[in-house]
Amino acid sequence: QLTPSSFLRIGQLSNVDLNEDIHELETEVPRQRPNEIPHNEKLLSLKYESLDYDNSENQLFLEEERRINHAAFRTVEIKRWVICAMIGILTGLVACFIDIVVENLAGLKYRVVKDNIDKFTAKGGLSFSLLLWATLNASVVMVGSLIVAFIEPVAAGSGIPQIKCYLNGVKIPHVVRLKTLVIKVCGVILSVVGGLAVGKEGPMIHSGSVIAAGISQGRSTSLKRDFKIFEYFRRDTEKRDFVSAGAAAGVSAAFGAPVGGVLFSLEEGASFWNQFLTWRIFFASMISTFTLNSVLSVYHGNAWDLSSPGLINFGRFDSEKMGYTIQEIPIFIFMGVVGGILGALFNALNYWLTMFRIRYIHRPCLQVVEAMLVAAVTATVGFVMIYCSRDCQPIQGSSVAYPLQLFCADGEYNSMATAFFNTPEKSVVNLFHDPPGSYNPMTLGMFTLMYFFLACWTYGLTVSAGVFIPSLLIGAAWGRLFGISLSYLTKGSIWADPGKYALMGAAAQLGGIVRMTLSLTVIMMEATGNVTYGFPIMLVLMTAKIVGDYFVEGLYDMHIQLQSVPFLHWEAPVTSHSLTAREVMSTPVTCLRRIERVGTVVDILSDTSSNHNGFPVVESNPDTTQVAGLRGLILRSQLIVLLKHKVFVERANLSLVQRRLKLKDFRDAYPRFPPIQSIHVSQDERECMIDLSEFMNPSPYTVPQEASLPRVFKLFRALGLRHLVVVDNRNEVVGMVTRKDLARYRLGKEGLEELSLAQT
């Protein structure tokens with residue numbers, strides 16, 4: 001429960017700032033410039049609700065659980081496996097759809113532009129080709145950005161930060177809706193075809209999660225259809241487990257790495273874990289990569305040859321040609337350091353850019369204009385770089401999809417064009433596998449520099465797009481450059497194969513940006529189909545993470561923080577032992593009596609200033625001398641269902657209520673419970689009484705007020721609670737701990753700092 005909101009609305013911005021003088025300035029600013037939204041990352045937003053991962057063990061729940069026998073539990077378990085299989089199949093199919101559509105549309109675009117460039121190289125007037133390329137890009141991206149900005153803003157970005165928050169227990173509005181999935185898929189196709197510096201791998205994780213959340217509920221609230229299946233899973237606990245399976249299936253479809261998917265879900269996503277879950281998630285990942293593989297193999301015309309396990313295929317690395325020796329280990333570690341520094345630079349730039357976007361570019365129309373601008377600039381930069389590059393390579397024996405001749409001699413192509421004039425996935429594979437001598441060092445250096453800034457500018461636009469592939473591409477380019485310069489230095493020794501260094505550079509760059517360690521190592525090993533590189537990749541990623549963390553945190557954590565989400569990490573801040581529950585908790589608490597007037601309940605629920613979601617229930621006869629001790633806890637959603645069905649004591653006596661409420665009535669209302677304003681309660685009904693005894697959770701978790709913050713944090717985080725009641729030694733309610741009270745405390749540069757809360 002939140003602190004009294006009068007404290008939150010200081011000034012006109014409802015933006016609490018602890019230093020008064022800064023506050024005066026902040027109140028002055030908006031008068032001159034009304035189009036700026038002040039934003040301070042030292043805030044926690046109150047607009048995010050928590051998910052309830054703790055089952056409410058009221059009488060209804062206990063009765064239902066006692067009725068279920070062993071055979072019924074077996075069917076529930078079988079249903080879980082069926083859902084996991086369906087998640088895998090559907091995620092694989094969505095990935096196929098994205099892949100095939102992108103391939104065809106991008107191929108069409110590149111053919112048109114290539115014919116145009118070939119035509120105008122002969123007779124002059126190449127500026128027209130540039131115009132055509134930029135216009136094509138900008139118009140495609142415009143559509144992709146329009147649908148995201150105006151229909152479903154949650155679909156912007158890669159969706160990994162949002163899924164991370166969801167699995168942590170924060171309810172981000174609209175994040176697992178069907179509408180979000182449709183916009184996400186269309187948006188990602190359009191932004192990749194529009195030539196932005198983005199990949200289609202990140203959004204697959206979000207798409208998988210939406211699919212999982214939808215299937216496991218057995219109905220669609222967007223389509224208003226209820227299929228009356230899987231009703232047992234209509235609660236946050238079950239839904240979360242399936243969402244982590246969906247995220248894993250997404251990774252595994254994107255990279256063809258089922259084990260990597262499970263580890264990703266474990267490392268980045270799920271905050272709660274058990275062994276049965278691991279096995280089911282692995283099953284979903286395997287099914288998803290197998291589905292993708294078989295459909296794409298049929299599409300490419302060799303039905304029996306399962307050769308494309310993921311959306312991106314790094315191609316096979318042969319260990320005979322490309323082994324590594326012991327003296328290369330220090331070189332790899334050095335590459336890790338470089339990757340960490342570059343990744344930290346990327347994140348710092350993106351941080352300032354995102355702050356600027358939150359402040360000034362918050363109108364949807366401005367966001368669309370910015371996306372079009374980035375698309376046009378990307379095309380222009382690519383064109384100018386290809387135009388100015390004099391790096392020509394012989395065409396025969398090379399596997400370039402769209403060779404641009406430009407000013408090269410006949411039978412040669414421009415090698416800068418293989419990097420820019422292609423989808424990023426293809427460019428990565430080219431950088432890994434093209435034979436030594438395919439690229440001029442100058443070409444690679446210029447490409448790395450330009451693409452670094454383009455990718456940094458693109459992440460955080462209002463389009464759905466991932467950051468995986470651009471970072472791999474930047475890393476592969478400077479890694480290859482590094483390999484070439486090594487072979488110059490060592491007079492062309494055999495071990496300096498540039499492809500191997502391109503792989504290490506890609507790992508270092510991606511590790512430096514997103515700071516994943518375990519799952520990324522396994523994903524890289526599975527995607528290259530080579531176990532020999534496990535050790536060097538692990539070293540590179542560890543170094544990149546250590547170096548990067550020294551400067552700034554990972555990209556996803558940074559975006560979670562910028563959105564002021566109350567995210568709970570694994571442990572409480574290290575120096576927080578001095579704080580006790582008494583200092584952390586919110587007071588005063590709104591309590592309900594066990595038998596309460598309906599009018600009082602309606603007034604408490606309608607009170608907008610205190611939008612509480614859980615109410616402790618205390619003993620209901622206040623006239624006697626006994627203590628009003630804690631009897632249970634009831635949720636806002638349960639109270640709303642009770643009012644909707646009019647479960648009042650008087651009506652029960654008149655036997656007007658035909659049947660007792662069942663747990664099914666609560667499940668049917670989940671997840672979108674009606675707001676209290678939509679429920680009509682007449683004047684007479686306000687005088688009735690409502691008995692909460694069989695609906696409240698009679699055994700809520702409580703802590704004494706002397707408990708230290710780390711202890712409270714552990715209990716809250718490990719059980720995935722939403723409300724933790726603080727009691728004194730007479731079992732009277734003195735306060736309530738919720739997610740916001742714990743997420744407020746963070747380790748800053750100067751030690752423990754407390755964030756302020758804001759309504760925005």
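The values are calculated or read from the model by the stated rules, or taken from the named source; none is laboratory data. In this text, all values refer to a predicted model and were calculated from it rather than measured experimentally. A quick note on method: Cβ atoms are made from the backbone with ideal geometry, for glycine too, and the neighbour counts reach across all protein chains shown. Each accessible area value is taken on the protein alone, full model and side chains, heavy atoms only, with ligands, DNA and RNA left out. Shrake-Rupley method; radii C 1.70, N 1.55, O 1.52, S 1.80 Å.
Just to verify a number: FRET efficiency for Asp607 and Asp549, C-beta to C-beta distance, R0 = 51 Å, to 0.05? Working shown, then result.
Values: r = 44 Å, r/R0 = 0.86.
Given R0 = 51 Å and the Cβ-Cβ separation, E is 0.70.
Looking at region 293-364, which trypsin sites (Lys or Arg not before Pro) are DSSP coil and have at most 13 other C-beta atoms within 10 Å of their C-beta?
On the way: sites: Arg316, Lys321, Arg357, Arg359; in loops: Arg316, Lys321.
Within region 293-364, the qualifying trypsin sites (Lys or Arg not before Pro) (loop, at most 13 other Cβ atoms within 10 Å) are Arg316, Lys321.
Using R₀ = 41 Å, calculate the FRET efficiency as 1/(1 + (r/R₀)^6) where r is the Cβ-Cβ separation of Gln677 and Val112; round to 0.05.
Details: r = 54 Å, r/R0 = 1.32.
Taking R0 as 41 Å, the efficiency between Gln677 and Val112 is 0.15.
When only DSSP loop residues count, what trypsin sites (Lys or Arg not before Pro) in region 195-237 have their Cβ near at most 15 other Cβ atoms within 10 Å?
Working: sites: Lys200, Arg219, Lys224, Arg225, Lys228, Arg234, Arg235; in loops: Lys200, Lys224, Lys228, Arg234, Arg235.
When the trypsin sites (Lys or Arg not before Pro) of region 195-237 are filtered for loop state and at most 15 Cβ neighbours within 10 Å, Lys224, Lys228 remain.
Starting from one equal scatterer on each C-alpha and no solvent at all, send me the Debye-based log10 I(q)/I(0) for region 82-300 at q = 0.11, 0.13 Å⁻¹, two decimals.
Values, matching the q order: -0.56, -0.73.
Between Leu489 and Asp684, what length in nm is gained on full extension when 0.36 nm per residue of separation is reduced by their alpha carbon distance? Please list the in-between numbers first.
On the way: separation 195, 0.36 × 195 = 70.20 nm, distance 9.09 nm.
Here the segment from Leu489 to Asp684 would lengthen by 61.1 nm.
Can you work out the PRE-style zone for His174? Point 7 Å along Cα to Cβ, and I want the residues of region 192-232 with backbone N under 15 Å.
222-223
Subtracting the Cα-Cα distance from 0.36 nm times the residue separation, let me have the gained length for Leu353 to Thr587 in nm, one decimal. List each step's numbers first, then the result.
Values: separation 234, 0.36 × 234 = 84.24 nm, distance 3.83 nm.
Net length gain for the segment: 80.4 nm.
For every other residue with a beta carbon closer than 9 angstrom to the beta carbon of Asp691, add +1 if it is Lys or Arg and -1 if Asp or Glu, then tell me the sum. Each step should come with its number before you reach the end.
Working: positive: Arg594; negative: Glu596, Glu694.
That sum, taken over residues with Cβ under 9 Å, equals -1.
Compute the FRET efficiency between Leu62 and Ile595 as 1/(1 + (r/R0)^6), taking r as their Cβ-Cβ distance and R0 = 22 Å, and round to the nearest 0.05. Please list the in-between numbers first.
Values: r = 21 Å, r/R0 = 0.94.
It comes to 0.60.
Counting only GluC sites (Glu not before Pro) that are in a DSSP loop and have at most 11 other C-beta atoms within 10 Å, tell me the longest site-free stretch of the chain.
Working: sites that count: Glu320, Glu571, Glu750.
The reported range is 1-319.
Would you work out the relative contact order for the chain, in percent, from Cα pairs under 8 angstrom that are 6 or more residues apart?
On the way: 1387 pairs, mean separation 148.4, N = 760.
The value is 20 percent.
Tell me which cysteines of the chain come out unpaired when the rule is another cysteine's Cβ under 4.7 Å.
Cys84, Cys96, Cys165, Cys186, Cys365, Cys388, Cys456, Cys591, Cys688
Mind checking the per residue accessible area of the chain for me, 1.4 Å probe, whole number of Å²?
Details: 31830 Å² over 760 residues.
I get 42 Å² per residue for this part.
Which value at 222 nm does the chain reach when only helices count, each DSSP H run of 4 or more adding -39,500 (n - 2.57), with the total divided by all residues and rounded to the nearest 500 deg cm²/dmol?
Working: 28 runs with 414 residues, N = 760.
Calculated mean residue ellipticity at 222 nm is -18000 deg cm²/dmol.
How much length is gained if the chain between Phe97 and His70 is pulled fully straight, taking 0.36 nm per residue apart and subtracting their Cα-Cα distance, in nm to one decimal? Write down the numbers at each step before the final one.
On the way: separation 27, 0.36 × 27 = 9.72 nm, distance 4.11 nm.
Between Phe97 and His70, full extension yields an extra 5.6 nm.
Which trypsin sites (Lys or Arg not before Pro) from region 679-733 combine a DSSP loop assignment with at most 11 other Cβ atoms within 10 Å?
Values: sites: Arg686, Arg711, Lys714, Arg717, Arg722, Arg730; in loops: Arg722, Arg730.
When the trypsin sites (Lys or Arg not before Pro) of region 679-733 are filtered for loop state and at most 11 Cβ neighbours within 10 Å, Arg730 remain.
How big is the dipole moment of region 581-758 about its Cα centre under a simple scheme where the beta carbon of each Lys and Arg is +1, that of each Asp and Glu is -1, and everything else is neutral? Debye, nearest 20, please.
On the way: 26 positive and 21 negative charges, 175 e Å.
The dipole magnitude comes to about 840 debye.
Using the Cα centre as the reference, give the magnitude of the dipole from point charges on the C-beta atoms of region 82-300 (Lys, Arg: +1; Asp, Glu: -1; all else neutral), rounded to the nearest 20 debye. Write out the running numbers ahead of the final one.
Values: 20 positive and 13 negative charges, 104 e Å.
I would put it at about 500 debye.
Over the heavy atoms of Asp691, what accessible area does a 1.4 Å probe trace out, to the nearest 10 Å²?
60
Which value does Rg/Rh take for region 365-428 over its C-alpha atoms, Rh per Kirkwood?
1.10
[x] 44.2; [y] 81.3; [z] 37.7: which one is mean projected area of the Cα convex hull in nm² as calculated from this entry?
This structure yields the entry labelled [z].
What spacing in nm lies between the two simple spin-label points modelled at Tyr670 and Arg316, each 7 Å away from Cα in the Cβ direction?
4.8
Let me check against my output: what whole-number percent is the relative contact order of region 82-300, with C-alpha pairs under 8 Å and at least 6 apart?
Numbers: 340 pairs, mean separation 62.1, N = 219.
After rounding, I find 28 percent.
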